[in-house]
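S.K.: Dropping a structure here in structure tokens format, bear with me for questions.
Read-outs throughout are calculated quantities, based only on the coordinates presented, and are distinct from any laboratory measurement. Note that the structure is a prediction, hence the values are computed from the model and not measured. Using ideal geometry, Cβ is built from the backbone for each residue, glycine included, and neighbour counts are taken over all protein chains shown.
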Amino acid sequence: MALGRSYNKDFSDSSRIVFNEAAIAAMGLEDPIGKSVNVWGKEMEIIGVAKDFHFQSLHETV
């Protein structure tokens with residue numbers, strides 16, 4: 001994790017979300033932890049920012 005925390009079974013995280021660094025940059029958010037975003041019509045609280053990593057070829061952007 002770059003910031004914040006990941007999901008935890010000890011917390012009720014159904015209305016919380018983790019984004020990667022690229023998503024946070026695309027949204028133009030500074031200090032994203034604790035901010036609310038609308039995801040698929042539901043208000044979600046950002047609890048963490050994961051470091052960027054590749055699912056595909058390293059020739060593709062994250």
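S.K.: Could you check residue 61 against (1) touching a residue at least 40 places away in the same chain (Cβ under 8 Å); (2) over 17 Å from residue 5 (Cα atoms) and say which number it fails?
M.R.: In the conditions (1) touching a residue at least 40 places away in the same chain (Cβ under 8 Å); (2) over 17 Å from residue 5 (Cα atoms), residue 61 misses (1) alone.
S.K.: Further, regarding this structure: Could you count how many residues in the stretch 1-55 are surrounded by 12 or more Cβ atoms within 10 Å (Cβ to Cβ), among the polar types (S, T, N, Q) and not in a strand (DSSP E or B)?
M.R.: 1
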